[in-house]
1. For chain B, evaluate the Debye formula with one uniform point scatterer on each Cα (no solvent term) and list log10 I(q)/I(0) at q = 0.19 Å⁻¹, rounded to two decimals.
2. Expressed as a fraction of 2.2 N^0.38 Å, the rule-of-thumb size for a compact globular protein of N residues, what is the C-alpha radius of gyration of the protein assembly as shown?
3. Determine the sum of side-chain charges near residue A:76: Lys and Arg each +1, Asp and Glu each -1, restricted to other residues whose C-beta is under 11 angstrom from that of residue A:76.
4. Too long at a 21 Å Cα-Cα cut-off: which of A:11/A:78; B:37/B:110; B:71/B:110; A:11/B:42?
5. Kindly compute the accessible surface that chains A and B hide from a 1.4 Å probe when together, both sides summed, and give it to the nearest 100 Å².
6. Past the 24 angstrom mark, what percentage of all C-alpha to C-alpha distances in chain A do you count?
7. What are the principal axis extents of the Cα atoms in the range A:43-106, in Å, biggest first?
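The values are calculated or read from the model by the stated rules, or taken from the named source; none is laboratory data. This is a predicted model, so every value here is computed, not measured. Every residue, glycine as well, gets a Cβ built from its backbone with ideal geometry; the counts of neighbours run over all protein chains shown. When the accessible area is computed, the model is the full protein with side chains, heavy atoms only, and any ligands, DNA or RNA have been set aside. Shrake-Rupley method; radii C 1.70, N 1.55, O 1.52, S 1.80 Å.
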Amino acid sequence: GAGVSQSPRYKVAKRGQDVALRCDPISGHVSLFWYQQALGQGPEFLTYFQNEAQLDKSGLPSDRFFAERPEGSVSTLKIQRTQQEDSAVYLCASSPQGAQRQPQHFGDGTRLSIL
Amino acid sequence: GESVGLHLPTLSVQEGDNSIINCAYSNSASDYFIWYKQESGKGPQFIIDIRSNMDKRQGQRVTVLLNKTVKHLSLQIAATQPGDSAVYFCADFLTGGGNKLTFGTGTQLKVEL
């Protein structure tokens, strides 16, 4: 399909392990966003890319969280030394342009469970 | 920080009735609002948006109303169908706050047959 694709859909890791979550945005979309959604809550902003530039990482909860988008398309969210409180659904979204106000289109997320 | 909240966590309606989902926002600098629908196991799906220079916008079976005086947003769904059952979020952009969306907690809409 032509939507935002995320992989894996489910990830189970032991506390202390590193994980990497992948996002394939809609082709040609300039902006890419990562959100974290806890059970029963709305998504919370983590970080934002415009092309390959990470313009806002104010929502990353700690220095264990790292995101990259080296070629301005696919993005990876990496979490090092995972902890139980990292368990959540991680959502990726993209939008066509950079600065304008416009809807963000979401993928179905990666459900991360830390044991 | 700013918050976007919802009045009711759960709303039950009969099939065919109209649904109204409410949302309050706290920051008067919010300039763009979006309603999303999220089904279980899926990502948020865009429904309709409205900019702060408007007070009403209509889509297919949906209408969004914005009252900037009381900082209130509502989503009206006409002739609610079983497929409308989902969690509904309002989200806003803050003027000068970059491109990040701030979401409320969500309202669970349950459509009874």
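1. Result of the Debye calculation: -0.94.
2. On the way: Rg = 17.5 Å, N = 228, 2.2 N^0.38 = 17.3 Å.
Cα Rg divided by the expected 2.2 N^0.38 Å: 1.01.
3. On the way: positive: A:22, A:69, A:78; negative: A:24, A:68.
Charge balance in the 11 Å sphere: +1.
4. Working: A:11/A:78 13 Å; B:37/B:110 13 Å; B:71/B:110 26 Å; A:11/B:42 16 Å.
Distance filter (> 21 Å) returns B:71/B:110.
5. So the total buried area for this chain pair works out to about 1700 Å².
6. On the way: 1180 of 6555 pairs.
Pairs farther apart than 24 Å: 18 percent.
7. The principal-axis extents, from largest down, are 36, 23, 19 Å.
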